[in-house]
Amino acid sequence: MKRHIACVTFDADAMSGLVARGLTSPTPVSRGEFDTVAVPRILKLLDRYSIKTSFFIPGVVIDTYPAMCEAIVAAGHEIGHHGWTHVPPASLEPEVEEAEMVRGIERIVQLCGKRPVGYRSPSWDLSADTVRLLLKHGFYYESSMMGDDHTPYRVRQGDKVHADRGMEFGAPTPLIELPISWSTDDFPHFEYLRLPTTLTPGLMNARGVLDNWLQDFEYMRRTEEWGILTYTCHPYVIGRGHRMLMLERLLTALAEKGAVFMGLEAAAREWDRREPFEA
Ligand SMILES: [Zn+2]
């Protein structure tokens with residue numbers, strides 16, 4: 001039977017991603033503060049469509065906005081690990097990476113009474129050690145990699161990258177990858193970001209982005225019997241007027257195309273039943 005799953009997920013970064021890039025003055029802080037305006041709007045919209053999904057939240061954001069995060073939990077959404085700070089693991093010293101992972105787990109347990117089973121790395125950049133740490137700390141799925149689009153896969157451990165000869169691939173682990181893509185992430189399309197060495201222009205027309213996102217779902221529908229398409233949104237990005245209307249149109253159009261909405265843990269469990277891990 002054909003089944004096409006849409007995971008419309010949210011990374012509630014507030015100011016943590018900007019702070020991690022060294023933007024700590026009042027205006028960038030206020031930019032992240034907009035999460036507190038956007039999250040209630042998004043929760044209301046999801047409730048209207050009876051959608052339960054996944055929110056990935058850094059520990060420092062839970063500490064900054066406990067009431068906002070409690071509202072997400074109260075609405076029945078999954079809370080995934082998104083770092084303690086928003087510094088990507090690839091930029092952290094190994095012992096700092098593990099300490100921050102543990103701290104983030106503990107904070108999520110305090111928030112919702114259970115350990116997170118899913119992890120999404122800040123700015124989508126795992127370190128060479130992250131997979132080992134995720135397995136050690138009992139994670140079930142990961143959502144930071146781009147090796148497929150509609151089909152989850154098992155994360156490998158121990159890849160060796162050589163500049164002058166072919167890759168050596170490590171062995172697959174039980175950890176499930178729910179792949180993502182920058183093309184189905186709202187941030188690069190919409191956020192104007194000026195850093196000392198880079199400029200992200202953003203500010204794209206939301207109808208154009210919506211069209212791309214729906215075409216990606218349509219392609220999955222045409223080419224796969226069963227598949228998952230993951231969208232990644234950030235409350236302070238998607239939560240502005242015209243983009244909220246785009247999000248609403250996205251949910252309506254996906255529903256019309258027969259999408260089954262769910263969070264990443266539920267999607268991972270469904271795929272795991274279809275394709276059990278063989279060591
Ligand atoms: Zn993030």
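Here are the numbers:
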{"read-out": "Built amide H within the under 5 Å cut-off of Thr173, gap 5+", "value": "Val155, Arg156, Gln157"}
{"read-out": "Span-like helix ranges in the chain, DSSP H, alpha carbon extent 24 angstrom or more, Kyte mean at least -1.0", "value": "94-112, 206-223"}
{"read-out": "Label-to-label distance, nm, for residues given as Glu278 and Ser91 (7 Å Cα→Cβ offset)", "value": "4.2 nm"}
{"read-out": "Gaussian network model of the chain, Cα within-10 Å springs - most flexible of Thr36, Thr200, Thr151", "value": "Thr200"}
{"read-out": "Heavy-atom surface of the chain, accessible at 1.4 Å and reported per residue (Å²)", "value": "46 Å²"}
{"read-out": "Relative contact order of the range 52-128, defined on C-alpha pairs under 8 angstrom at six or more residues apart (%)", "value": "39 percent"}
{"read-out": "Contact order normalised by residue count of the range 135-236, Cα under 8 Å, 6+ apart, percent", "value": "27 percent"}
{"read-out": "Mean shadow area of the range 99-216 over all directions, Cα convex hull, nm²", "value": "10.5 nm²"}
{"read-out": "Stokes-Einstein D (µm²/s) once Rh is taken as the Kirkwood radius of the range 224-279 over alpha-carbon pairs, at 25 °C in 0.890 mPa s", "value": "182 µm²/s"}
{"read-out": "Å³ per residue enclosed by the Cα convex hull of the range 148-279", "value": "158 Å³"}
{"read-out": "Taking only Cα atoms of the range 1-61, radius of gyration then Dmax in Å", "value": "14.7, 53"}
{"read-out": "Along principal axes, Cα extents of the range 37-172, largest first, whole Å", "value": "52, 33, 24"}
{"read-out": "Approximate spin-label separation Arg156-Ala74, in nm, with each point projected 7 Å along Cα-to-Cβ", "value": "4.7 nm"}
{"read-out": "Cβ-based charge dipole, the range 237-279, positive-most Cα from Ala267, Leu251, Gly239", "value": "Gly239"}
{"read-out": "Relative contact order of the chain, pairs being alpha-carbon contacts under 8 Å that are 6 or more residues apart, as %", "value": "27 percent"}
{"read-out": "Residues whose placed amide H lies under 5 Å from that of Ile5, excluding near-sequence neighbours", "value": "Gly227, Ile228, Leu229, Val260"}
{"read-out": "Radius of gyration, Dmax [the range 90-144; alpha carbons; angstrom]", "value": "10.8, 30"}
{"read-out": "Loop-resident sites, the range 115-197, for trypsin sites (Lys or Arg not before Pro), counting at most 11 other Cβ within 10 Å (DSSP)", "value": "Arg165"}
{"read-out": "About the Cα centre, charge dipole magnitude for the chain (Lys/Arg +1, Asp/Glu -1 at Cβ), debye", "value": "700 debye"}
{"read-out": "Neighbour cut-off at most 16 other Cβ (10 Å), DSSP loop, chymotrypsin sites (Phe, Trp or Tyr not before Pro), the range 141-178", "value": "Phe169"}
{"read-out": "Gained length - Ala255 relative to Asn205, 0.36 nm times residue gap less alpha-carbon distance", "value": "15.8 nm"}
{"read-out": "Mean projected area (nm²) of the alpha-carbon convex hull when the chain is viewed from all directions", "value": "15.3 nm²"}
{"read-out": "Ser181 long-range amide H proximity, modeled H, under 5 Å", "value": "none"}
{"read-out": "Percent accessible area from carbon and sulfur atoms, the range 160-279, protein chains only, probe 1.4 Å", "value": "53 percent"}
{"read-out": "GNM top mover of Leu45, Leu199, Leu251 - the chain, alpha-carbon springs below 10 Å", "value": "Leu199"}
{"read-out": "Sparse-neighbour loop sites [GluC sites (Glu not before Pro); the range 202-279; at most 15 other C-beta within 10 Å; DSSP]", "value": "Glu225, Glu278"}
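The values are calculated or read from the model by the stated rules, or taken from the named source; none is laboratory data. On a predicted model such as this, the values are computed, not experimentally measured, just so you know. Cβ sites come from the backbone with ideal geometry, for glycine too, and all protein chains shown count toward neighbours. These area figures cover heavy atoms from the full protein model, side chains too; ligands, DNA and RNA do not enter into them. Shrake-Rupley method; radii C 1.70, N 1.55, O 1.52, S 1.80 Å.
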